[in-house]
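What follows draws every value from the coordinates through simple rules; no lab data is involved. Since we're looking at a predicted model, the values are computed, not measured. Every residue, glycine among them, receives a Cβ derived from its backbone with ideal geometry; neighbour counts consider all protein chains shown.
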Amino acid sequence: MKYRHLTSPITINGLTIRNRLMQTAHNRHYARRGAESERDRAYVEERAKGGIGLLTLGNHIVHPTGMGGGHPGVAFTFLPEAQQPLRATVEAAHRHDARIFLQLNHFGGSITSNPDDYRVLWAPSRSVSILSGEQSKAIELEEINAVVSAFAEGAVFAKQAGVDGVEIHVAHGYLLHSFLTPLTNRRADNYGGALENRLRITREVIAAVRAAVGPEYVVGVRLSLSDEMPGGMEVDQMAAAARLLVDDRMIDYIATSSGQGAMFWVGAQTGFAPPGFLLDKLARFKKALPDIPVFAVGGIDDADMAEAILAEGKADMVAITRGQIADPEFARKVVEGRTDEIRHCIRGNQGCLAHAIRGAPVTCTVNPAAGREAIFGLGTLKPADSPAVWLVIGGGPAGMKAAEGLAERGHRVTLVEREALLGGQLNINILQRGRASWNVLRTDLERNLTRLGVTIMRGLTADESFISTFGADAVLLATGAYADRSGWSSVSARIAGLEQAHVLTLWEAIQEPARAGKKVLLLDDEGAFRIGGAALRMQEAGSHVVHVSRLNALLPGTMTTTDMPPLYTALFGNGLESHLNSWARRIDGRSVTIFNLYSGVEVVIEDIDTIVLGTPRHPADGLYYKLKGRIDRLYRIGDCLAPRTTDHAVYEGFLAGRELLGWEKRPIFEGDRDALLPTAVPPTALIG
Ligand SMILES: Cc1cc2nc3c(=O)[nH]c(=O)nc-3n(C[C@H](O)[C@H](O)[C@H](O)COP(=O)(O)O)c2cc1C
Ligand code: SF4
């Protein structure tokens with residue numbers, strides 16, 4: 001058996017879990033009125049059906065001072081009415097023999113106060129939230145007691161709802177972790193100073209939880225393997241703290257992660273980090289803690305790697321958290337030896353973490369059914385009423401996804417791509433550092449198209465005559481976008497002097513960075529990853545990059561995906577020069593005049609070899625307008641409608657596969673309904 005370790009059960013404090021594949025705690029922001037929603041239930045049930053051994057519900061807030069206002073969509077354990085919805089979610093997992101834990105948390109001083117009542121944030125010492133800049137107060141002794149009791153009450157709440165175990169959150173810089181690390185704990189009382197003191201509140205919480213739930217119930221902790229910051233705790237110190245907890249004999253497992261505060265992003269890194277990016281630290285940690293189950297996590301994206309982690313004794317369970325957002329049937333495919341059918345996570349964080357950080361419902365770039373399981377989950381794909389011949393033009397993510405869905409439903413599909421390679425803009429994007437991990441989106445889709453018998457015509461430009469001769473029943477255009485040379489942007493319609501040979505598009509700069517020359521001026525109308533990725537690529541080819549952006553921050557679009565820290569590190573390390581709140585007025589040979597958008601003050605930048613246009617792409621919609629009115633069933637999706645993200649493209653391809661074409665066929669989601677319906681008033685418990 002190839003995956004002997006992964007598929008073997010494990011028993012933790014009397015609870016048997018059917019295999020070693022899990023998802024660590026992750027908050028999906030589907031909760032409504034402080035309780036699990038139908039969307040949570042459907043999400044959990046999908047993964048339970050898909051064969052997962054264990055999943056942990058993320059961040060359930062134990063006390064009103066711990067919820068903040070930055071994370072709408074989290075559930076609370078202090079609302080009695082939240083217990084029944086939680087029970088429904090738990091039963092959904094149990095129906096398919098999966099086990100389910102619940103993470104208990106208090107956000108501490110790391111976020112922002114609730115916008116309704118402005119409760120002051122509690123932290124070990126007076127501090128400033130890196131996310132909001134809001135100042136918290138040092139928690140007082142009677143308040144510590146209230147927090148300890150709240151964790152215990154939260155554990156009872158979960159146990160009564162049928163949850164299989166609770167996890168106390170001591171990671172990511174939230175309240176308990178912020179006591180543990182000397183970076184944020186400057187207390188002079190029994191809760192500050194030496195490790196034993198900094199760990200005191202965590203031990204009190206564990207003892208109270210254990211007393212409340214009894215000895216035969218699973219209680220675990222989540223610990224960061226490192227603070228990931230100078231002056232903070234490194235892996236050996238974390239292992240020493242864990243040793244104290246293990247020797248207290250009150251916890252049953254440790255789920256690992258990493259980072260805190262400004263380094264919170266290290267636990268869920270994008271493609272800038274290699275697969276399995278926490279494994280070295282994990283191995284060291286586990287070596288010091290052989291006597292307790294330890295859960296591995298962090299960009300573990302394939303079954304072979306997961307199996308090796310277990311076989312080498314680096315961990316006792318393996319979390320593939322984003323990987324099972326991307327493919328809820330990951331575990332079943334492993335058990336059945338169908339790993340070649342897995343749909344892989346691209347580690348872009350665009351659909352998941354970026355949504356979560358914005359407080360929006362989590363979904364997934366590669367799996368449009370994630371978070372939409374009730375409508376699009378397993379078993380919802382119905383065969384076509386009348387199988388037809390479909391011609392899909394454009395083999396980027398939208399076209400490939402559409403062809404996949406149409407073929408799965410029994411249509412005869414031909415996909416035409418102008419280039420020799422499928423993938424469209426993806427093939428340009430993956431040239432950028434941090435984006436190579438996105439290539440699996442193309443290879444997974446291409447593999448499926450082959451399996452489904454889609455006819456793929458590469459290197460062919462489908463024009464009007466080809467399309468009319470082909471005689472399809474329906475034509476779907478997914479012709480993408482092209483790089484616009486006009487200089488049109490959200491600031492101005494044109495830039496004087498633009499029509500010169502040394503003006504390049506962003507794609508040209510990414511594909512042929514050596515053309516940029518010694519000094520390049522990069523115009524940025526978007527603040528998105530592709531601008532930073534292009535800048536880095538040119539820097540690495542030897543250019544000095546002068547970045548000129550209309551925005552008031554550098555690449556703000558990379559903040560929520562957490563690409564920002566590694567991107568900034570690389571860009572500034574390579575000497576990036578940046579002019580914010582600015583735009584180009586005119587180009588005179590090697591001189592470019594830029595101006596401040598607010599003061600109008602002009603600055604001339606000299607000795608520029610090339611100007612690169614990070615301006616909006618143009619929809620490739622020419623074919624659509626030529627065919628409109630001449631073909632009955634003509635549709636268009638993705639960037640040829642309006643150039644947007646890969647998430648938009650894949651989602652529209654997915655809808656097209658189900659023939660949900662046109663705005664009137666698109667579903668209204670639970671979150672949309674909350675926003676739309678007048679009944680969506682805040683519950684009284686939150687107002688008081
Ligand atoms: C959308 C999202 C929400 C998350 N929410 C939580 C959470 O509530 N609690 C927590 O401890 N970790 C949370 N995490 C971190 C994950 O548990 C996990 O450590 C991270 O995704 C890295 O593992 P992976 O590479 O297998 O995805 C979250 C991650 C994501 C992507
Ligand atoms: S949105 Fe991206 S990073 Fe998140 S689970 Fe999906 S593929 Fe992975």
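Descriptive notes on the structure:
- Counting neighbouring Cβ atoms within 10 Å and putting the fewest first, the residues W122, W488 line up as W488, W122.
- Going from the fewest other Cβ atoms within 10 Å to the most, the residues E526, E81 appear in the order E81, E526.
- HN-Hα J in Hz across the stretch 142-151 - Karplus 6.51, -1.76, 1.60, θ = phi - 60°, x for Gly and Pro: 5, 6, 4, 4, 5, 5, 4, 4, 5, 4
- Size check on the stretch 522-612: the Cα extents along the three principal axes, sorted descending, read 36, 30, 17 Å.
- Cα-centred dipole magnitude for the chain, charges only on beta-carbon of K, R (+1) and D, E (-1), debye, nearest 20: 580 debye
- Our note on the geometry: Cα centres of the stretch 493-528 and the stretch 199-217, 59 Å apart.
- Computed from phi, the 3J(HN,Hα) profile of the stretch 580-596 under the Karplus parametrisation 6.51, -1.76, 1.60 (θ = phi - 60°) reads 8, 6, 9, 8, 7, 9, 7, 10, 10, x, 8, 9, 10, 8, 10, 9, 7 Hz, with x in place of Gly and Pro.
- DSSP beta bridges in the stretch 1-140 [antiparallel fraction, %, rounded to 5]: 30 percent
- Between Q160 and D473, the FRET efficiency from the beta-carbon distance, with R0 = 51 Å, is close to 0.35.
- Of K2/K333; K382/K665; K49/K333; K281/K314; K2/K49, pairs whose Cα-Cα distance is over 19 Å: K2/K49
- Positive-end ranking of I531, Y174, C364 along the dipole of the chain, with charges on Cβ about the Cα centre, is headed by C364.
- Neighbour counts of C-beta atoms inside 10 Å place E234, E408 in the sequence E234, E408, starting with the fewest.
- Gyration tensor over the Cα atoms of the stretch 470-516: the corresponding equivalent ellipsoid has semi-axes (square roots of 5 times the eigenvalues, largest first) of 31, 17, 9 Å.
- Restricting the calculation to Cα atoms, the stretch 10-348 yields a radius of gyration followed by a Dmax of 18.5, 57 Å.
- Per-selection Rg to Rh, the stretch 186-315 - Cα, Kirkwood hydrodynamic radius: 0.99
- Near the amide H of N59, within less than 5 Å, lie the amide hydrogens of Q103, all on another chain or at least 5 residues away, with H placed in the peptide plane.
- Alpha carbon Rg of the chain, scaled by the compact-globule rule 2.2 N^0.38 Å: 1.00
- Dividing the helix sum by the residues of the chain, where each DSSP H run of 4 or more adds -39500 (n - 2.57), gives a mean residue ellipticity at 222 nm of -9000 deg cm²/dmol.
- Alpha carbon convex hull of the stretch 1-120, volume per residue in cubic angstrom: 116 Å³
- Total formal charge among the other residues, if their Cβ is under 11 angstrom from that of A296, Lys/Arg +1 and Asp/Glu -1: +2
- Cα gyration tensor category, rounded, prolate or oblate, for the stretch 497-539 with a/c compared to 1.5: oblate
- Fraction of beta bridges assigned by DSSP in the chain that are antiparallel (%, nearest 5): 20 percent
- Relative contact order (percent, whole number), the stretch 10-348, Cα cutoff 8 Å, 6+ residue spacing: 16 percent
- Alpha-carbon centroid distance for the pair the stretch 159-185 / the stretch 53-85, whole angstrom: 13 Å
- Coil-residue GluC sites (Glu not before Pro) of the stretch 105-213, DSSP, other Cβ within 10 Å capped at 11: E140
- When DSSP beta bridges are restricted to pairs lying wholly in the stretch 10-348, around 15% turn out antiparallel.
- Under-5 Å amide H pairs with S582, H placed in peptide plane, nonlocal only: S549, R550, L551, L597
- Taking the average, over residues, of other Cβ atoms within 10 Å as the packing measure, peptides 558-567, 600-609 rank 558-567, 600-609 from highest down.
- Alpha-carbon geometry of the stretch 515-673: the Rg and the Dmax are 19.9, 55 Å, given in that order.
- Distance from the alpha carbon centroid of the stretch 557-609 to that of the stretch 357-407 works out to 38 angstrom.
- Between L195 and R412, the simple spin-label model (points 7 angstrom out along Cα→Cβ) gives 7.1 nm.
- Sequence-ordered 3J(HN,Hα) estimates for the stretch 635-644 from the Karplus curve with 6.51, -1.76 and 1.60 and θ = phi - 60° stand at 9, 9, 9, x, 5, 6, 8, 7, x, 9 Hz, glycine and proline given as x.
- Counted residue by residue at 0.36 nm each, then reduced by the alpha carbon distance between them, the extension gain from E143 to Q500 reaches 121.8 nm.
- Percent RCO, i.e. relative contact order, over the stretch 503-616, from Cα pairs under 8 Å lying at least 6 residues apart: 35 percent
- Mean separation of Cα pairs under 8 Å and 6 or more residues apart, divided by the residue count, gives the chain a relative contact order of 11 percent.
- The overall shape of the stretch 484-567 is oblate: from the C-alpha gyration tensor, with semi-axes ordered a ≥ b ≥ c, the ratio a/c is 1.5 or greater and a/b is no larger than b/c.
- For M457, the amide hydrogen comes within under 5 Å of the amide hydrogens of L415, V416, E417, counting only partners 5 or more places away or on other chains and with H modelled in the peptide plane.
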